[in-house]
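Below: the structure, in C-alpha cells.
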Amino acid sequence: METSLLSETVWSELLLTGHAAIDATHRAFALVIHELQQANPASAAASIAAARAHCEDHFAEEEEPMRRHGHSGADCHAVEHAAVLQSVREVCAMDVQDVATVHRLGIALAEWLEAHTIYLDSALSQWIVRRRYGGAPVAIRKPAALQNAC
C-alpha cells in the first residue's frame, strides 16, 4: 500500500523523530494501523495477524539495542510495548469477524503511536544519535498546510 493512502489520523510528519530507521518503521506501522481501521470481515484476520507480527518485530527491534547499550528508559519503554502487544494478542484471540473490535484496535493504536513516538521514541532517537554521532537528530517537516501537496 502506498503511503499516500494513509489515514491522516494515523501518519503525520509530526511523528518524525529524525532517525531514519525508526521513522521508516513507524510509517510501516501506520500502514498496518490503517489496514486495521479499514478492515472488513474478509480482511480482518489478516489485518490483525499483520499487526501482531509488526508489533513483535518492531518492539524487539527497538528494545534490543536499548538493553544492549544500557538506555536508561529501556524498562519503561519495554513495559509500554508489552502492554500494547498484549492488547493486540487479545484481539487476535477474539472472533475477528467482529470488525468493530478490529477498528477500535486500529484507532487505539493510532492514538498510542502518536503519544509513544512523541515521548519515548523521540527520546530514543536522540539517545541513538548522541551515542553514535555526538549530536542530535534532525527532522525536517513540511508545514501542516503543505503535507498533502506534492
Exercise. Could you say whether any residue in segment 136-144 is modelled with pLDDT under 90, of a type in the set (A, V, I, L, M, F, W, C), farther than 21 Å from residue 34 by Cβ and surrounded by 13 or more Cβ atoms within 10 Å (Cβ to Cβ)?
Worked result: yes
For this session: Determine if segment 42-58 includes at least one residue that is buried (at least 18 other Cβ atoms within 10 Å of the Cβ) and under 17 Å from residue 128 (Cα atoms).
Result: yes
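Just checking, which of 38, 97, 86 is polar (S, T, N, Q), surrounded by fewer than 18 Cβ atoms within 10 Å (Cβ to Cβ) and within 22 Å of residue 11 (Cα to Cα)?
Working: 97 fails: within 22 Å of residue 11 (Cα to Cα); 86 fails: within 22 Å of residue 11 (Cα to Cα).
From the options 38, 97, 86, the qualifying one is 38.
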Exercise. Can you tell me which residues in segment 62-99 are without any contact (Cβ under 8 Å) to a residue 40 or more places away in the chain and farther than 30 Å from residue 40 by Cα?
Worked result: 63, 64, 67, 68, 70, 72, 74, 75, 78, 79
For this session: Please note which helices (runs of 4 or more DSSP H) are completely contained in segment 41-150 and include at least 1 residues that are in contact with a Lys or Arg (Cβ under 7 Å, 6 or more places away or on another chain) and farther than 21 Å from residue 28 by Cβ.
Result: 74-93
For this session: Mind listing just one residue for me: the one in segment 100-121 that is surrounded by 14 or more Cβ atoms within 10 Å (Cβ to Cβ), free of Cβ contacts under 8 Å to residues at least 60 places away in the same chain and not aromatic (Phe, Trp, Tyr) and, of those, nearest to residue 14 (Cα to Cα)?
Result: 116
For this session: Pull up segment 1-51, narrow it to residues that are modelled with pLDDT of 90 or more and among the polar types (S, T, N, Q), then point me to the one that is farthest from residue 66 (Cα to Cα).
Result: 40
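The values are calculated or read from the model by the stated rules, or taken from the named source; none is laboratory data. For clarity, every value in this text was computed on a predicted model and none was experimentally measured. All Cβ positions, even for glycine, are placed from backbone atoms using ideal geometry, and neighbour counts span all protein chains on display.
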